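For reference, the structure discussed in these notes is given below.
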Amino acid sequence: MARMLPLVVALTLAACSKGTPASANTENGNAATPSAPVAAGAQATAGQSQAPAAPTVKPVPAELPDPIARVNGETISKADFQQAVQNMEANAGGPVPPDQRDRIFRGVLDQMIGYRLLIQETKSRKLAVADAELDKRIDQIRSQFPSEEAFKQTLTQRNVTLEQLRDDARNDMLVGNMLQAEVGSKVTVTPDQVNDFYQKNPAQFQQPERVRASHILIGFPQNADEAAKKEARTKAAEVLKEVKAGKDFAELAKQHSTDPGSGPKGGDLGFFQQGQMVPPFDKAAFSMKPGETSDLVESNFGVHIIRVADRQPAGTVPLDQVRPQIQQYLEGQGRQRETQTFVDGLRAKGKVEIFM
């Protein structure tokens, strides 16, 4: 493929929200309203240690050459490179900062060269992907978009046809399968390595005070007039009477809550920390003790009835809770190192010419 860099990855990222990575604690914390907790657990994913200062890189000329590079006789054109940069900017949500241009452009080109080498290696090995598996992969990508229209619109924005997407997906799968065979068996992480990482990175596993709460939301539109708000308050007051009468809170949430995220789950919002919910909700939840139920709490989403189930004080997340995340992080680091070693080997025995 001419474009290089897995367009499949770019499309997948475009289909997903740009939230924070999975946190150390895996308790459910996804509430459509009032405000979905961004990360229900430790402050950072295992292993985000301080990055070293970036080395000096060769300046990139203001006017890019064409071609940009040649890999074993195959050119990477200026158009290829610019499309890769545009995909990266779209995923990042903004343009490349001028003071980072040299470093980022060199990094993009390095990835393109590495990916081209990997694709060439799959061809030299005569690897193949079954059509059924390819169809499944395309369906997975498509399913991540809210609609077929949104999927097609993204393809149009990326100047890519469905057939080009299939080619890119095939290359992506071939490269993935090859790397799994080459790299997968070389990566091992021992329990001692997990323990050592945890001990050496205590700041990564600090957790603020959190509460676990459920709510029943009687919603109204954000531009609702006073009549609509009054109607919601009246209905919420009736539901609150049922709660105080001893009726099951979870069942009432399933029956009455208009929150599509938590309602079907009995109103459970999981654990969240201060600042993750809208202010009125946040203030009420953190002023309550476990087992207590609020009066009516109004926010711009509607009227809430909140019940706090548990509180956790600030402190360090126990190793047992974050062990799987640390394991995953260290394995990922190992795969990156082994993959880079594999690509370096391909580069050493090939011919790579860079013209910028």
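The values are calculated or read from the model by the stated rules, or taken from the named source; none is laboratory data. Note that this is a predicted model, so its numbers are computed, not measured. Positions of Cβ are backbone-derived with ideal geometry, glycine not excepted, and every protein chain shown enters the neighbour counts. The area values use the complete protein model at the heavy-atom level, side chains included, leaving out ligands, DNA and RNA. Shrake-Rupley method; radii C 1.70, N 1.55, O 1.52, S 1.80 Å.
Wholly within segment 191-301, which helices (runs of 4 or more DSSP H) include no fewer than the required count, namely at least 1 residues that are surrounded by 16 or more Cβ atoms within 10 Å (Cβ to Cβ) and within 25 Å of the chain's Cα centre (by Cα)? Steps first, answer last, please.
Working: elements: 191-200, 226-244, 249-256, 279-285.
It comes to 191-200, 279-285.
Inside segment 304-324, residues that are exposed (fewer than 15 other Cβ atoms within 10 Å of the Cβ) and among the small types (Gly, Ala, Ser) make up a count of 2.
Restricting attention to segment 118-141, the residues being in a helix (DSSP H, G or I), in contact with a Leu (Cβ under 9 Å, 6 or more places away or on another chain) and closer than 22 Å to residue 160 by Cα number 5.
Scanning segment 81-99 for residues that are open to solvent by less than 30 Å² (accessible area, probe 1.4 Å) and touching a Leu at 6+ places or on another chain (Cβ under 9 Å) yields 81, 83, 84, 87.
The residues on offer are 340, 276, and the sole one that is out of contact with any Ser or Thr (no Cβ under 8 Å at 6 or more places or on another chain) and at pLDDT below 95 is 340.
The residues listed here are 130, 169; of these, the one that is without any contact (Cβ under 8 Å) to a residue 40 or more places away in the chain and either touching a Lys or Arg at 6+ places or on another chain (Cβ under 9 Å) or closer than 27 Å to residue 338 by Cβ (or both) is 130.
What tally of residues in segment 100-141 results from selecting those that are within 19 Å of residue 351 (Cα to Cα) and open to solvent by 60 Å² or more (accessible area, probe 1.4 Å)? Break it down into steps so the answer makes sense when it comes.
Our first condition is that a residue be within 19 Å of residue 351 (Cα to Cα); within segment 100-141, this holds for 106-125.
From what's left, open to solvent by 60 Å² or more (accessible area, probe 1.4 Å): 110-111, 123-125.
Number of matching residues: 5.
Being in contact with a helix residue (DSSP H, G or I) (Cβ under 6 Å, 6 or more places away or on another chain) and either aliphatic (A, V, I, L, M) or over 14 Å from residue 354 (Cβ atoms) (or both) is the requirement here; does residue 59 meet it? No: the conditions fail for residue 59.
Give me the residue from segment 164-205 that is among the aliphatic types (A, V, I, L, M) and touching a Gly at 6+ places or on another chain (Cβ under 9 Å) and, out of that set, farthest from residue 346 (Cα to Cα). Give the steps one after another, and end with the answer.
At the first step, the residues of segment 164-205 found to be among the aliphatic types (A, V, I, L, M) are 165, 169, 173-175, 178-179, 181, 183, 187, 189, 194, 203.
Within this subset, residues satisfying the condition of being touching a Gly at 6+ places or on another chain (Cβ under 9 Å) are 183, 187, 189.
On the way: 183: 14, 187: 20, 189: 26 Å.
Selected residue: 189.
Taking the listed residues 154, 122, the one that is among the β-branched types (Val, Ile, Thr) and at pLDDT below 90 is 154, with no other qualifying. For segment 264-280, the criterion of a residue being farther than 28 Å from residue 314 by Cα and out of contact with any Phe, Trp or Tyr (no Cβ under 8 Å at 6 or more places or on another chain) is satisfied by at least one position.
Pairs meeting the criteria (first residue in segment 266-279 and touching a residue at least 24 places away in the same chain (Cβ under 8 Å) and at positive phi, second residue among the polar types (S, T, N, Q) and open to solvent by 10 Å² or more (accessible area, probe 1.4 Å), beta carbons under 6 Å, at least 6 apart or on different chains) are 267/214; 267/257; 270/28.
Name the single residue that is modelled with the lowest pLDDT among those in segment 59-94 being assigned to a loop (DSSP other than H, G, I, E, B) and within 20 Å of the chain's Cα centre (by Cα).
The first filter runs over segment 59-94 and keeps only residues assigned to a loop (DSSP other than H, G, I, E, B), leaving 59-68, 72-73, 77, 93-94.
If we keep only those that are within 20 Å of the chain's Cα centre (by Cα) as well, we get 93-94.
On the way: 93: 82, 94: 88.
Among them, the one singled out is 93.
Given the condition of a type outside the set (D, E, K, R), assigned to a loop (DSSP other than H, G, I, E, B) and more than 30 Å from residue 182 (Cβ to Cβ), answer yes or no: does some residue in segment 318-340 qualify? There is at least one residue in segment 318-340 that is of a type outside the set (D, E, K, R), assigned to a loop (DSSP other than H, G, I, E, B) and more than 30 Å from residue 182 (Cβ to Cβ). Checking each residue in segment 142-169 for being of a type in the set (D, E, K, R), open to solvent by less than 70 Å² (accessible area, probe 1.4 Å) and more than 22 Å from the chain's Cα centre (by Cα) picks out 166, 167.
Remark: pairs (first residue in segment 64-91, under 24 Å from residue 157 (Cα atoms); second residue part of a strand (DSSP E or B) and open to solvent by 40 Å² or more (accessible area, probe 1.4 Å); Cβ separation under 7 Å; 6+ apart in sequence or on different chains) = 67/75.
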